[in-house]
Amino acid sequence: MHTPHFRPLDVERIRKDFPIFATTPPLAFLDNASSTQTPRPVVEAMDAYYNTYRSNIHRGIYRISEEATAQYERAREKVAQLVNAPRTRQIIFTRNTTESINLIAYSWGSTNIQEGDEIVLTVMEHHSNLVPWQLLAQRTGAVLRFIEITDEGLLDFTHFHDLLTEKTKLVAIGHVSNVLGTINPIQSVITAAHAVGAKVIVDAAQSVPHFQVDVQQLDCDFLAFSGHKMCGPTGIGVLYGKLELLEEMPPFLGGGSMIRSVERDVSSYAELPAKFEAGTPSIAEAIGLGHAVDYITQANLAALQVHEQELLKYAHNRLQEIEGITLYGPSSPHQKAGVISFNMEGIHPHDVAGILDTHSIAIRAGHHCAQPLMKRLDVIATARASFYLYNTIEDVDRLYEGLCRTQDLMTRSQRRRVG
Ligand code: C6P
């Protein structure tokens, strides 16, 4: 087997770039699927914009505005390189994954979806890749169909091919589940969808930050992700689309920057990507995202993936030692990204997260914006730990010890109540 050559992550050095870990005891931050921390170079790049060349872009005929425009467009180039987009103008800056998916649902959906058309999703979708399609279906009379999952949290392909017919116009699928960590075999889903003439949008919110995603290799039609889950700032997201699709699509939001010329009653629109970037965009945030891309690629995405796999395998083994714990998702860490959802018998996940917080361990508890999946798992909520490049084996040990203490504490207080 060919093994890629890379330096392993220097986690100790990486952690020094994140001032938030300089506390005692250090924060065990295990809520990275929600939002990651920000390294110094990203904050410094945004500071430099605000302190030395702050101005609007694409309109100023003066030096600092030209500098801001150049930095904003440089960020677009870096993002295009990251996902191997054929052309930079196929990268649209949005606020986040949610906005990217809504853009497609409104713009592409308004001209391509009609009554009776079918949109295929999975039951493990985040609400951001479900509600926009429900709204589109309500507007047009289209029908939503769902790929089910197995008890192990893998996509159930038994009925998948029956779902795909000439009525299928779109498949909207998450690359990695934010709850189960399942890495979906989207390559085969895309090939099968294209065989019936359907387009595919990939929700890559939980994949692009963690491993190499190549839009040309996947041949996906659209791909969406968020800057804040990959060491970047909040308020900046990305939509990639195939050129011919983006060019045919009508604008999503109207206003400044997205026009070529405006008459009283009618306007013509700017070329890509400006057509989809109405108004003053998130300039500092786009620049910050560009530096976040530099940061994770310099750390090396392949090494990052190996590091997360090690943490995941270790966490799987350690957490399974705890009596009464249920882990959700694939039992083999190889089919998973660095996300581990669990429940402890008789203890609400909110109590688990609350008690861990008193030990400076941050995890998420709740439905994780995936209520249909919670229903399928027959739970109201789960606790969830998720990893990134700065997490360590010690973080996992602290999680394990924190969970043991939580169990002790809750068992004692339940006994007191009964007694
Ligand atoms: N999941 C989580 O804790 P936004 O909020 O637009 O940046 O990302 C939305 C989103 C879309 N798809 C997937 C697979 C996601 O995981 C998320 C965000 C966070 O799991 C917040 S709910």
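The values are calculated or read from the model by the stated rules, or taken from the named source; none is laboratory data. It should be emphasised that the depicted structure is a prediction, and the values quoted were computed from it without experimental measurement. Every residue, glycine as well, gets a Cβ built from its backbone with ideal geometry; the counts of neighbours run over all protein chains shown. Each accessible area value is taken on the protein alone, full model and side chains, heavy atoms only, with ligands, DNA and RNA left out. Shrake-Rupley method; radii C 1.70, N 1.55, O 1.52, S 1.80 Å.
For this structure, a couple of remarks:
- Residue match in the stretch 365-372 (condition: touching a residue at least 12 places away in the same chain (Cβ under 8 Å) and in contact with a Phe, Trp or Tyr (Cβ under 6 Å, 6 or more places away or on another chain)): no
- Qualifying residue in the stretch 362-385 (condition: more than 30 Å from Glu148 (Cβ to Cβ) and open to solvent by less than 40 Å² (accessible area, probe 1.4 Å)): yes
- Residue list for the stretch 55-80, restricted to those being closer than 24 Å to Gln212 by Cβ and either in contact with a helix residue (DSSP H, G or I) (Cβ under 6 Å, 6 or more places away or on another chain) or in contact (Cβ under 8 Å) with a residue 24 or more places away in the chain (or both): Arg74, Ala75, Arg76, Glu77, Lys78, Val79, Ala80
- Ala274 being within 16 Å of Arg95 (Cα to Cα) and surrounded by fewer than 24 Cβ atoms within 10 Å (Cβ to Cβ): yes
- Under the condition of being closer than 17 Å to Val171 by Cβ, in contact (Cβ under 8 Å) with a residue 60 or more places away in the chain and open to solvent by 30 Å² or more (accessible area, probe 1.4 Å), the residues counted in the stretch 95-144 number 2.
- Filter pass, Ile92 being closer than 27 Å to Gly181 by Cα, within 16 Å of the ligand (Cβ to nearest atom) and outside any helix (DSSP H, G or I): yes
- Residue among Leu223, Leu239 that is farther than 25 Å from Gly329 by Cβ, part of a strand (DSSP E or B) and not assigned by TED's automatic domain parsing to the domain that holds Phe342: Leu239
- The requirement of being buried (at least 24 other Cβ atoms within 10 Å of the Cβ) and closer than 14 Å to Gly288 by Cβ is not satisfied by Gly235.
- The listed residues are Glu44, Glu152, and the only one of them that is open to solvent by 20 Å² or more (accessible area, probe 1.4 Å) and closer than 28 Å to Ser177 by Cα turns out to be Glu152.
- Lone qualifier among Arg384, Arg376 - being within 19 Å of Gly174 (Cα to Cα) and either touching a helix residue (DSSP H, G or I) at 6+ places or on another chain (Cβ under 8 Å) or assigned to a strand (DSSP E or B) (or both): Arg384
- Within the stretch 149-198, the only residue that satisfies the criterion of being in a loop (DSSP other than H, G, I, E, B), within 16 Å of the ligand (Cβ to nearest atom) and among the β-branched types (Val, Ile, Thr) is Val179.
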